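Only the coordinates and a few stated rules stand behind these numbers; no lab work does. None of the values given here were measured: they were computed from a predicted structure. Every residue, glycine as well, gets a Cβ built from its backbone with ideal geometry; the counts of neighbours run over all protein chains shown.
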């Protein structure tokens, strides 16, 4: 794979699969005026196909798309109906597994937000600044599966926030043990998602299937590309995942032990100076600072910090000594932007920028 | 100290210091119809003294005291003005340190909710079911300080909830390492406390001075009375403390390593069968079950479980294996009842029941 | 219909239809230890029938029923399967219309919380203190329809709260124009009800079909039984209905014009002294004060006042002069107790107490 | 006063008085990159003077000012210390009365957000699109008081939102009776403002002194400049004001009677086509649409619509027939932008644009 910072000569048409749901809407918002991509097709379930997007989608946030997008006809979520070479999948995991394979077979580059293929050994699980080079797996995937297209996934939303804080530290010092407790936003559960009677003035100390995803994906995200596979390092992650009455932004308390003694000052220095994978730095969705380190004792806070870097920065604070392991810190990031749609869009930018996409 | 399960022959008059504040109001509610105590005196700052209680206190919850209490004149918070032999201190820590000493010198038994004297070596820091025998320190305190009265403290609210879940396990298996992440209710900050603009739809990952209290008090609470002092065991506690938009109920995610391997099944069995210190079991404020273990994957929840046992039960759930240490669990309890006023009232009951109080 | 204050000689077996839903659960809670009724049967949809109640119902509030109730088998919602002479219907309006008729035909007295039959001319729409005498319609209903059983309905939850504040004033002064703006709790929408992403930190200025119900039912509730029908008076009601992020308790701002000039002082005097329909006063569910009038400028408040009188009292405050009409006031009451299940239970008590129920 | 659409030839230096508070912070945010104004001076209380702005202000929202502003020294709120010819007053009403007079005497044009001088007969109370011509009062004010400067005020936040919806209708049809019920956001109470324990999961049906302001200011806002005074029309306003757990955005339910019959269709047509006062249309803070009329049954909603037009648009919905008067509608707007700081900034733009400001 050769690398080039240059944008595509002309805008590349893209489709969003599952465009009417919560994550689909975030894709639409992020792609509506994208400098490299032309939001050409909005695909959704049979029930929505044929309707205008404005009629099919109950728009969940304040910043509505313009009339041009609201008026566009929704098409079926079918490889035969979709012409764009790049498709973003906001499909629910119940549908995503087979559908994404069908699109990849049909020659599409599928940028998926679903969990289904994340842990497949030949599918890149990518956060550009952390492991952009894992896109190299795509060649193996195409070769092995005989596909012209391919599947690239982003990580689980809480795994993404945690990985952004952990990656610089792992690269510098080597993680050994990580204890995570999350306080996750409502938008992470989609729409209609969490009933208000369950969460108003309450905390739910459980999110189905979240802890295994969080614990498992971090190993692959922070692993190294060795030939045709990802070699995972031997650190261990333990987690508690909780739902809290916050709209957007997952907050994670992390307690971290390294392979050698690390002080808070050393950790802060590494976090502040981290730029991440070079190929990711000038992409349209790349924030000025992928990691923001705050000094105030009471930050990050989801409502106040979630939109830093357009929702693509992760904010870290309270980096301090731990009485058992090495350090403790708190990380917070936007779960539907950095941790979902925005992450996939940035993955697509990296793919295009790296020349991996051959768009005849 | 001799022990007796018998109630006092007649109701003992008691006073509440700081009766107009949030914790003071909870004391008033719990003492208004107490079978052993007569709520005889309501003391507060100079500013309130002389007013009726109804005028001086902005009542924060729905269950208002009756006219008899609302109409009573507030007295000054001065040992000379207070006649009751037992005083409950809901004073703020800025005032509690000196005031409680003055009352103890004047022969009063001070049941304190303030942090000031909790870690004094000769002051009992007591949760009846856990370490009711620590009241034995009171003799040493009186002897050493030459007091006729004395000070008995309850623990910090989050330390109380954590201790209730940890004590049975420590007694059975021996704690080695404990990682705690709390999600604490607004009422823990008193009134006016947390501004709504800071916490609505938000999480604040910081509570001033809370983590040291939580980490330190657990050692004393779970220590053993050896002669005239508390011998602390050698486990280590690490914590993150967070404020969440919940009215009452601190939720704590705990990850626990023991001196030997312990399975979730072993832990659940111990938690379910725990009754705690014998002298605490038939006190008026003792709940039928001090610890409730729930099987559902999504419990405990503060809004739904906080009033179990009249706010005196702590609910535990999600007891499960940990990939790094031994087990993980979630504990939740009422921070202003079990973790504050209710805890002090039960301490007073234990004192009376144990015969430690000589009421001439 | 003869009247008697005497309780039934032995407990009357009752059934709850739709026992697993949100309102059904409130019925179960209120009937679990009722002095006159024996909660004998729990009926629900085919999907739940045969399961234990504990397995079929996801219990929504903290105060779980005891093991005896949780372990009982749910039966089908079928007149042939239900033996109790009194059935409480918590059925959804999509099912209630036909089902309630079937039960009434089969000889059951149906106490319904559904909207379907409320405005049928021969169906009593009853709030005991306001129009308990409307139960007299039941004779006409049975005669006309040839039923041995019958249907008695309670009112819409917001209509109930409004009616409790308006009835004494209407009786004393005669309503002419009423402008209502409601701020309604989440529990009014049932479960799962309002998605949290729609309501957290938000207000929704619309509740489907609520304004017509509120405006229409008040006329029947405050009308007079004349022979075999309800004669409605000629006042007019205009409303705005809003959903707010509150768990329980509908708050209603009312601006009221009467047939003659009325001062706030006159209105307060009437509201404070109102006792309502005599037959309702000593029923088990009757609160000591059906209407509580508060003097503080900032009451009633749902979170603080909703449980007054066990959720059966309505609290009124801010009674003040209006610059256009006569007076303004704020009323607040518990929407799932007084405004739903509790209202139906009290209707049943009134039926039994009045001797209208012939229970062979 | 002559009118000119032309911007100033060079940026005009401006000061913010009370820059560290909640409204002051909003002024700073809106002025930080203003095309016509240079945010030159930040003034606050003696306690803050001399500190850097970043140290003196606890920044309440996510979008922090840049380092240039955070690093600037706060100056005293004293006419002798302030050089800018235009000052924006975010002072609390306890300080604003005298301070604003002092600044006006010293030759400053004071754009005030405080209530103190709003109803002074010679002080313009201005919302540019509604009554921009009321700035004409300034000449009378200067003449009468012998000032070189002057005071121009914006309206109370809820009065502003109501006025935006009512003005077009009043201009077209003539208001007769208006019933308003507000549901107001927390930011309207400033910081620390409403304690979270008062408002979480709750509604407070009272805001001190708000109803008189709302009822009174509408008369002046919708009045006509006749010579040297404002002639108020004879409609009457009645209101209920409530606090709800919403961050930003006041929602108002309005029921409206006109001097002649008006249908919802007529009202919608007028609202949709309204552009307002010509001089206001091309100002930098003027939104593309001052009024947005939504067709969905459940809009406007504060969390979703509050930032329309950068917080300067007011959104109206649910325009429908009323059974007593003519129409009902719901209006919602941003209370700290359109209803406070943004309104004042736009007033200053109108002053500058109109040539009323002589800046030697």
* Distance cut-off 19 Å, percentage of C-alpha pairs in region B:66-221 lying past it -> 62
* Let me know the mean shielding of A:242-253 by other chains, meaning the per-residue number of their Cβ atoms within 10 Å of its Cβ. => 6
* How long are the three semi-axes of the equivalent ellipsoid for region B:97-188, computed from the Cα gyration tensor as the root of 5 times each eigenvalue, in whole Å, largest first? -> 28, 17, 9
* To do: Please average, across the residues of D:222-234, the number of beta carbons from any other chain that are within 10 Å of each residue's own beta carbon, and give a whole number.
  => 0
* To the nearest 10 degrees, how steep is helix D:342-353 against the longest Cα principal axis of chain D, on a 0 to 90 scale? -> 70
* To do: May I ask you to derive the relative contact order of chain D, considering only C-alpha pairs under 8 Å and at least 6 residues apart, and to give it as an integer percent?
  => 19
* Structure fact -> Restricting to Cα pairs under 8 Å and 6 or more apart, the percent relative contact order of region B:90-222 works out to 27
* the protein assembly as shown - Debye-derived log10 I(q)/I(0), Cα point model, q = 0.04, 0.07 Å⁻¹ -> -0.27, -0.87
* Asked: Can you give the three extents of the C-alpha atoms in region C:292-351 along their principal axes, from longest to shortest, in whole Å?
  -> 42, 24, 14
* Rank by packing, highest mean first: peptides D:23-33, B:37-47, with packing defined as the count of other Cβ atoms within 10 Å averaged across residues. => D:23-33, B:37-47
* With the calculation restricted to Cα positions, what are the radius of gyration and Dmax of chain D in angstrom? -> 19.5, 60
* Per-residue [θ]222 nm for the protein assembly as shown (sum of -39500 (n - 2.57) over DSSP H runs n ≥ 4, rounded to 500) -> -8000 deg cm²/dmol
* **Rg/Rh ratio calculated on Cα atoms of region C:207-298 (Kirkwood radius)** => 0.97
* Structure fact -> Sorted on mean Cβ neighbours within 10 Å (highest first), peptides C:53-65, D:145-157 come out as D:145-157, C:53-65
* Asked: Between A and B, which A residue has the Cβ nearest their rotation axis, distance in Å?
  -> A:181, 2
* Asked: From the label point of residue D:260, set 7 Å along Cα to the beta carbon, how far off in nm is each other copy's matching point, shortest first?
  -> 3.8, 8.8, 9.4
* What do you get when you divide the Cα radius of gyration of region D:234-360 by 2.2 N^0.38 Å, with N the number of residues? -> 1.17
* In degrees, nearest 10, range 0 to 90: what is the angle between the Cα axis of helix D:93-105 and the longest Cα principal axis of chain D? -> 60
* To do: Please give the average number of partner chain Cβ atoms lying within 10 Å of the Cβ of each residue in A:184-195, rounded to a whole number.
  => 4
* Structure fact -> Measuring from the longest principal axis of the C-alpha atoms of chain D, the long axis of helix D:157-173 (C-alpha) lies at a number of degrees, nearest 10, equal to 50
* Run through the other copies and list how far each one's label point is from that of residue D:273, in nm with one decimal, shortest first; the point sits 7 Å from Cα along Cα-Cβ. => 5.7, 6.7, 8.4
* To do: Find the centroid of the Cα atoms in region D:154-201 and in region D:46-122, then give the distance between the two in whole Å.
  => 24
* Asked: So what is the relative contact order for region C:21-117, in percent, with contacts set as C-alpha pairs under 8 Å and at least six apart?
  -> 26
* Please sort A:185-191, B:160-166 by packing, taking for each peptide the average over its residues of neighbouring beta carbons within 10 angstrom, highest first. => B:160-166, A:185-191
* If the label for residue D:9 sits 7 angstrom from Cα along the Cα-to-Cβ line, what are its distances to the same label in every other copy, in nm to one decimal, shortest first? -> 5.1, 10.0, 10.6
* To do: For chain A, set up a Gaussian network in which alpha carbons nearer than 10 Å are linked by springs, and say which option among A:205, A:290, A:302 fluctuates the most.
  => A:205
